[in-house]
Protein chains: 4
Amino acid sequence: MEYQRLIDRILLETKPLAKNGKVASYIPALAEVSPEKYGISISTLERQRYNTGDHDVLFSIQSISKVFTFSLAYARLGHKIWERTGREPSGTAFNSLIQLEHEHGIPRNPFINAGAIVVADILLSIFPDPKKVLLDYVRELANNESINYDENVAFSEKASGHRNFALAHFMKSFGNIQNSVEDVLDIYFHQCSLALTTDQLACSFLFLANDGVNPHNNRQILTASQAKRLKALMLTTGLYNESGDFAFRVGMPGKSGVGGGIVAVIPNLLSIATWSPPLNEMGNSVAGFEALERFTTYSGKSVF
Amino acid sequence: MEYQRLIDRILLETKPLAKNGKVASYIPALAEVSPEKYGISISTLERQRYNTGDHDVLFSIQSISKVFTFSLAYARLGHKIWERTGREPSGTAFNSLIQLEHEHGIPRNPFINAGAIVVADILLSIFPDPKKVLLDYVRELANNESINYDENVAFSEKASGHRNFALAHFMKSFGNIQNSVEDVLDIYFHQCSLALTTDQLACSFLFLANDGVNPHNNRQILTASQAKRLKALMLTTGLYNESGDFAFRVGMPGKSGVGGGIVAVIPNLLSIATWSPPLNEMGNSVAGFEALERFTTYSGKSVF
Amino acid sequence: MEYQRLIDRILLETKPLAKNGKVASYIPALAEVSPEKYGISISTLERQRYNTGDHDVLFSIQSISKVFTFSLAYARLGHKIWERTGREPSGTAFNSLIQLEHEHGIPRNPFINAGAIVVADILLSIFPDPKKVLLDYVRELANNESINYDENVAFSEKASGHRNFALAHFMKSFGNIQNSVEDVLDIYFHQCSLALTTDQLACSFLFLANDGVNPHNNRQILTASQAKRLKALMLTTGLYNESGDFAFRVGMPGKSGVGGGIVAVIPNLLSIATWSPPLNEMGNSVAGFEALERFTTYSGKSVF
Amino acid sequence: MEYQRLIDRILLETKPLAKNGKVASYIPALAEVSPEKYGISISTLERQRYNTGDHDVLFSIQSISKVFTFSLAYARLGHKIWERTGREPSGTAFNSLIQLEHEHGIPRNPFINAGAIVVADILLSIFPDPKKVLLDYVRELANNESINYDENVAFSEKASGHRNFALAHFMKSFGNIQNSVEDVLDIYFHQCSLALTTDQLACSFLFLANDGVNPHNNRQILTASQAKRLKALMLTTGLYNESGDFAFRVGMPGKSGVGGGIVAVIPNLLSIATWSPPLNEMGNSVAGFEALERFTTYSGKSVF
């Protein structure tokens, strides 16, 4: 198979780059992960799956979970969600408070920490048990009932989450958090702890390449228009302050997490997930970023 | 023809929106333009052209010219151009000095004023007569020898261009302008004064939908990879501080100018240009923005 | 008595200005105070006291307490205190997080909220029961055993103190808060709730006009050099973002609070306290500010 | 004489500190000055003068001239001057454009570059020949007809003054510069080039210790109230971003320049000038700053 040879080659070529990055160390559970781990998975609309490397090892998806929670809230609220968060690139670090102060507690977009915390607050106002709803949602998208939170990671996130507590209290001072800070962050720290393999991750994003329809059960998760808009948001804001560079070099809507994962989609074609823990200074996986650039270069496929 | 009916309908539907905007007034030549003017043009890779409204009236393309100058410099310098300008969304107003101070004279991207002034400086270092080179370049891309600068506009730009003088001197204090500020801004003010019709504008951007090859004469203007990258840059930074919103609502790489023009492309398909002078607070044409959103919604075509 | 006639006149002249301000409303206990209240008190090194208006009504001293806590910590730590807080004017609003982010969790000075929270953290690390120590300290300085916290105010401060929680968590993320955020803010909210009369307030600041020696019991509270430095700090940073203006118009080291109090000293001479609840947009008492300007103008006395 | 012994001792003690600083190097005329130069001068209201070290060598007073031009404009415009510049500490570097952008072209105070450029613009609107008026003014204050501009320095300032051109054009874009940028900066670059000795400098500031009256000819330069206000401004903003620290450690209204000079006054008593070219990172003379701190510590005299 062509895709199989392609990802085998790319894994081989880009694996050495991992040594230029540093594994996230702010919580023990992340710091302990081997920097050698590396997996790549592709899932196509033709129901083919291609895997290479450590594609069956669970890792912490961290910020990638922001796409799941946003999608869940967006399907419910529609346009009204934009009263609570913006949709512009932030131009500043992912956990900055500066932008938030200038714009009176409205985060720049739902994929920076502040925006994701607002989304967690929204879920808490909608659902009696948002953690369970979210877990069911991800399991359905990935077509895999075994997916779960890593309570150990969630607990560590909380213990070292002073900056996120600051963000939440700060937005609450502007009236943009409606539930208790403790409860909102409990959701947020749990969503960050979701553990998936690259194979599961690629599967779970396939609905975005399919005009919002979950290909596993044909359920409409988002309208086609909403799916288009979510992909635009991923393209412009999905890789923290390196989103412009990712769009420029890779040219696919994507989302990264400090656990070392990146996932991206090509509309009407496929989704692809990479996992290599060492990060660059922007918080994105060094090897994964390069792998995705090579994928678009070698295959000639991107959104442009 | 389907595209013809589509743009006729969109023009009719969105024309009333112009009254919600304000024509740029900082120079007389722009302030005198009628807010009623409205034209839409499409140019396809199949060599079809579709026009409606004031598609044959010359207007000042202003910041849209930044794509031409950048493309010209990028083809010459390649990757080395990124030593002089960034490629990330700015997150601040198009003529802000704040970002520039924080980042030591390196503009965020080539489509904010500071970035375009650096590009003009680059052209001045490469070409003995950059204004003539640029004019020939645009004429070739538009396949139209009649295109010209509007000296009246260029003169007015200079007379009221204190902010741009500030930007250029500021960057020179950081060493990121190599020629005289006067000479660099002379190029910049002239490029802004380029006068095209929507029909000519759509034609001149078709090479970006064609993997960098000028379809009028089959000359390779940019490599396919460079064209892809330039489109990514347009998508993330082409509409000032509203770029994220344009990507979100419209989903096409585009570029706007305060003369009221917007141009956008769909890879492998077409380019589309709109012109309606009244602007929203972000400096983008109110009717043109909405027209392009409807175009992608009605046609179901976008990059996503 | 000359001072008596002077403050009687000033009270009469400036009382009408109160209607140009607004009483702080973020907690009920402050919002309920009558805007008509107005008292002025002078305490001299010759042991004379002059009072006019509502000089015997208790009010919430709020940020004025920051001088007490800083003085207490400064006497213990000396120069080492500057490892935890700066001593420059902030140039931004009193509860801003922006400066804090730019300077990695080190507040600009001990009289903005962030700085006072760091000082509370310091007191908590020094004393087993800092709230009791602080109360004894203020009672000794004011020579009045009846002074107390207003638990009602302290409770309300906490309930609406999201911004202060944000500041504390934010600094903790930089390692500049060493105790639990809850415990540190408990001290902070209590110090803000201290209730004094203008007469008690003037008395309690007299040690600063006396080279650091409490004139009531001749105890050295600060060294002469420390007292000089604390007065310099008050002059440059004591009235939030209006400190420069206060120095300019009044010319005395002073400190204000959102309860409507202001206290100021003239070295080797006297201390003066005013209380009028309506505040200007900077958070300073409108009538009190003007009263102190007139006091220096009419008396010809200032530090300059 | 006591003051004589005092400054002799301080010069001896603090001279070695100069090696911790760096001589300003942005123009040749400043870079060539020997870092070994060191002079201290005191001028008292009792008409005594005390000098030590290189007190009779001319040096470039640079930003110290901002006090002269401001005083000249203030006497003419009175309160109306505050429509053109603020009077708060800037909180940012002396040549920052950030504050200026946030506050729409109104500089924070007249002692940062932007503020002094506005003052130069004001002088140009008042006087037909402001450079001559300023020179006469300084000669009168210093009681010395030999004082002059250093045309060599003025020329160099202009050649490397891109940042100041940026500031002036930027403010003109907000309408806060009324004359041509070239003409305004010609005044500004000349005022910076004024060459005085420490003895002359101390003499020329004595009017500020004397309630605004020039003690050499008894002419009222400023009203007593204006003199008080100008001193307050110096205390809060006179040493760039280190003003708070200077107030804290020294406790005198002062003004520094990148030529290595600092001048300060004690109301009703004396003025003191120091000159040692090596600067700290904030742009203030290392030895001079320390000398003034020791002067207040040893003499026990300050405004506090």
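Modelled label positions at A:GLU145 and C:GLU13, each set 7 Å beyond Cα in the direction of Cβ, lie 8.5 nm from each other. Using R0 = 22 Å, the C-beta based FRET efficiency linking B:ASN268 and B:GLN4 works out to 0.60. Taking the label point 7 Å along Cα→Cβ, C:GLN48 and its counterparts in the other copies are spaced 3.3, 9.7, 9.8 nm apart, in ascending order.
As a check on your grasp of the helix formula, calculate [θ] at 222 nm for chain B: sum -39500 (n - 2.57) over DSSP H runs of n ≥ 4, divide by the residue count, round to the nearest 500.
Mean residue ellipticity, 222 nm, calculated: -13500 deg cm²/dmol.
Restricting the trypsin sites (Lys or Arg not before Pro) of region B:35-103 to loop positions (DSSP other than H, G, I, E, B) with no more than 13 neighbouring Cβ atoms within 10 Å leaves B:ARG47.
Copy-to-copy label distances for C:GLU36, where each label lies 7 Å from Cα along Cα-to-Cβ, are 6.4, 7.6, 8.2 nm in order of increasing length. Residues C:ILE27, D:ILE61, arranged from fewest to most other Cβ atoms within 10 angstrom of their Cβ, appear as C:ILE27, D:ILE61. The distance between label points at A:GLU281 and D:ASP136 comes to 5.6 nm (points 7 Å beyond Cα on the Cα→Cβ vector).
Our summary gives region A:2-299 a relative contact order of 28 percent, counting only alpha carbon pairs under 8 angstrom and 6 or more residues apart. Per 5 Å bin, what percent of the C-alpha pairs of region C:2-299 does each bin hold, from zero upward? Bins of 5 Å from zero give 1, 6, 13, 18, 20, 19, 13, 7, 3, 1, 0 percent of pairs. A Förster distance of 51 Å, applied to the separation of the beta-carbon atoms of D:ALA31 and C:ASP129, puts the FRET efficiency at 0.30.
The aspartates and glutamates whose alpha-carbon is closer than 19 Å to the alpha-carbon of D:LYS131, local same-chain residues fewer than 8 away aside, are D:ASP121, D:GLU140, D:GLU145, D:ASP150, D:GLU151, D:GLU157, D:GLU182, D:ASP183, D:ASP186. Counts of other chain beta carbons within 10 angstrom of each beta carbon in peptide D:83-90 average 4. With respect to chain B, whose longest principal axis is taken over its alpha-carbon atoms, helix B:286-299 is tilted by about 50°.
Relative to the longest principal axis of the Cα atoms of chain D, the long axis of helix D:2-14 lies at roughly 70 degrees. Specify the inter-centroid distance of region A:206-252 and region B:27-93, based on alpha-carbon positions, in whole Å. Value for the Cα centre distance between the two parts: 27 Å. Among the GluC sites (Glu not before Pro) in region B:77-159, those located in a DSSP loop and surrounded by at most 16 other Cβ atoms within 10 Å of their own Cβ are B:GLU103, B:GLU145.
Classification of region D:144-217 by its C-alpha gyration tensor yields an oblate form. The axis ratio a/c (a ≥ b ≥ c) is 1.5 or more, and b/c is at least a/b.
For D:LYS231, the aspartates and glutamates whose Cα comes closer than 17 Å to its Cα, not counting residues fewer than 8 places off in the same chain, are C:GLU242, C:ASP245, C:GLU293, D:GLU88, D:ASP211, D:GLU242, D:ASP245.
Put a plus charge on the Cβ of each Lys and Arg, a minus charge on the Cβ of each Asp and Glu, and nothing anywhere else: the dipole of region D:2-298 about its Cα centre is then about 540 debye. The alpha-carbon atoms of the protein assembly as shown define a convex hull whose volume equals 180 cubic angstrom per residue. On a C-alpha basis, how far is the centre of region D:112-188 from the centre of region A:180-197 in Å? Whole number, if you could? Taking the Cα centre of region A:180-197 as reference, the centre of region D:112-188 is 59 Å away.
Calculate how steeply helix A:65-77 sits against the longest principal axis of the alpha-carbon atoms of chain A, using the helix alpha-carbon long axis, and give the answer as 0 to 90 degrees to the nearest 10. Helix A:65-77 and the main axis of chain A meet at about 60 degrees. Exposure proxy shown here: for B:ASP245, B:ASP129, the number of other Cβ atoms within 10 Å sets the order, fewest to most, as B:ASP129, B:ASP245.
Counting, for every residue in B:216-229, the Cβ atoms of other protein chains within 10 Å of its Cβ and taking the mean gives 2. Note on C:ASP56 and C:SER180: the model spin-label points, each 7 Å out from Cα along the C-beta direction, lie 4.3 nm apart. Placing a label point 7 Å from the Cα of D:HIS79 along the Cα-to-Cβ line, the residues of region C:234-256 whose backbone N sits under 16 Å from it are C:245-246, C:248-250.
Which of A:HIS79, A:HIS216, A:HIS169 has the fewest other C-beta atoms within 10 Å, and how do the rest follow up to the most?
A:HIS79, A:HIS216, A:HIS169
Across the identical copies, the 7 Å label point of B:GLY78, projected outward along Cα→Cβ, sits 5.1, 6.3, 7.0 nm from its counterparts, in ascending order. Taking the axis that rotates chain B onto chain C, the chain B residue nearest to it by Cβ, with the distance rounded to whole Å, is B:HIS102, 5.
The Stokes-Einstein estimate for region A:55-118, based on a Kirkwood radius over Cα pairs and taken at 20 °C with 1.002 mPa s viscosity, is a diffusion coefficient of 171 µm²/s. Residue pairs exceeding 23 angstrom between C-alpha atoms, taken from C:LYS132/C:LYS158; C:LYS66/C:LYS158; A:LYS255/A:LYS301; A:LYS80/A:LYS172; A:LYS19/A:LYS158; B:LYS172/D:LYS66: A:LYS19/A:LYS158; B:LYS172/D:LYS66.
Bear in mind that the values in this text are calculations on the coordinates, not laboratory data. What you see is a predicted model; the values in this text were computed from it and never measured. Virtual Cβ from ideal backbone geometry, glycine too; neighbours counted across all protein chains shown.
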